[in-house]
Amino acid sequence: MPIDTREVEKIAELAHLKFDPQELERFVGHFQQILEYFTQLETVSTGAVSTENVQNAHQAVEGKNRGTPMREDEVRSSLPVATALDNAPESSEDHFQVPPVIE
């Protein structure tokens, strides 16, 4: 599935990013490579992967971490609201303002 400059511009707009023409062309190439990787992944046979194998893999990871010490939760002060809102493209009172998700 080829991707063109218009699509990358749209993605950048949604992410509130701005690229110069050289960066835009470079990102077109990067996105194209990513899509090619997904195309390759679609060809991988996963028929031999059973639910049991996935559960066993999960248990192996848990077993590996059994000796890892857990740290205690620590209460810390959070980022001041004003600082967080300074980084937001739009805000209203003490809230982030975002475009509607469902129209």
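None of the figures in this text is laboratory data; all of them are computed from the coordinates on show. This is a predicted model, so every value here is computed, not measured. Glycine also receives a Cβ, built like all others from the backbone with ideal geometry; neighbour counts cover every protein chain displayed.
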Worksheet item: Once amide H atoms are built 1.01 Å from N in the peptide plane, which residues 5 or more positions from S91, or in another chain, come under 5 Å H to H?
Response: Q97
Worksheet entry | Nearest-0.05 FRET efficiency for S78 and E13, computed from C-beta distance (R0 25 Å) | 0.25
Worksheet item: How large is ³J(HN,Hα), in whole Hz, for each residue of segment 94-103 in order, when computed from phi with the Karplus curve 6.51 cos²θ - 1.76 cosθ + 1.60 and θ = phi - 60°, using x for Gly and Pro?
Response: 9, 10, 6, 10, 10, x, x, 7, 10, 10
